[in-house]
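Here is the structure we will look at.
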Amino acid sequence: MRRVAAELGAGTMSLYHYVRGKDDLIALMDDGLMGESLLPDNELPDDWRDALAAVARKTRQVFLRHPWALHTLQGETAVQGAPIGPNGMRHFEQSLAALEHAPLDTGGKLDLLAIVDDYVFGHVLRAGELRVRRDVGRDEAAAAIEFGMEQLRSGRYPHLEALSRDPAAASITDEGRAQQRFERGLQVLLSGATEGAGRAGSSG
């Protein structure tokens, strides 16, 4: 709290007048991100698949801009039992609105929202891993490459050795390629969303 107050050019006690402590501050940060994740009401497509895809893209964009957020706000350090904020409620409301006409029962819709969240956050975490690898020092990168090449020369990994010689493998860490993979996977996920899921009017 002292550090935040210093960044704001305010006194620590002045900050406590607005925010009771670290947990409240983290909850407000989380709700701020949920606000960024909202689509304007007039931009939510009519088709439920397009609508949910738009929500997923917006959420991914926000967390890519704030790569620290998943670990800090959604991980082990998240505030336990914190009430959902107004923007969080609006985001959940918008997600439910996106699925209003989907042929799924309530359980199926909630499952689908959780699955899409898992997919989006998984992509964000992978992007963070790739960013860390790109940012490692030259000596660390050289040592890692040399270790990998030594393992490949052992002959124990023929498929990996063949992959290392394939020019297509070099593009796996490209951000444009990552965007294409996200879109491809998202469309596959939504296309199969009603297969084996609880449909509206079914017993389960």
Picking from 14, 95, the residue that is in a helix (DSSP H, G or I), surrounded by fewer than 16 Cβ atoms within 10 Å (Cβ to Cβ) and of a type outside the set (D, E, K, R) would be 14
Can you say whether residue 171 is polar (S, T, N, Q), modelled with pLDDT under 75 and either assigned to a helix (DSSP H, G or I) or farther than 30 Å from residue 49 by Cα (or both), as far as the supplied structure shows? yes
Does any residue of region 62-79 turn out to be β-branched (Val, Ile, Thr), touching an Asp or Glu at 6+ places or on another chain (Cβ under 8 Å), touching a residue at least 12 places away in the same chain (Cβ under 8 Å) and assigned to a helix (DSSP H, G or I)? yes
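Matching residues to (1) touching a Phe, Trp or Tyr at 6+ places or on another chain (Cβ under 8 Å); (2) free of Cβ contacts under 8 Å to residues at least 60 places away in the same chain; (3) more than 17 Å from residue 118 (Cα to Cα):
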residue: 164; (1), (2), (3): no, yes, yes
residue: 172; (1), (2), (3): no, yes, yes
residue: 178; (1), (2), (3): no, yes, no
residue: 184; (1), (2), (3): no, yes, no
residue: 188; (1), (2), (3): no, yes, no
residue: 191; (1), (2), (3): no, no, no
Of all the residues that make up region 37-58, how many are assigned to a helix (DSSP H, G or I) and at pLDDT 95 or above? 11
I'm trying to understand the selection: among the residues of region 84-107, which are within 12 Å of residue 46 (Cα to Cα) and of a type in the set (A, V, I, L, M, F, W, C)? 97, 98, 99, 102
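The values are calculated or read from the model by the stated rules, or taken from the named source; none is laboratory data. This structure is a prediction, so every number in the text was calculated from the model and none was measured. All Cβ positions, glycine included, derive from the backbone under ideal geometry; neighbour counts span all protein chains shown.
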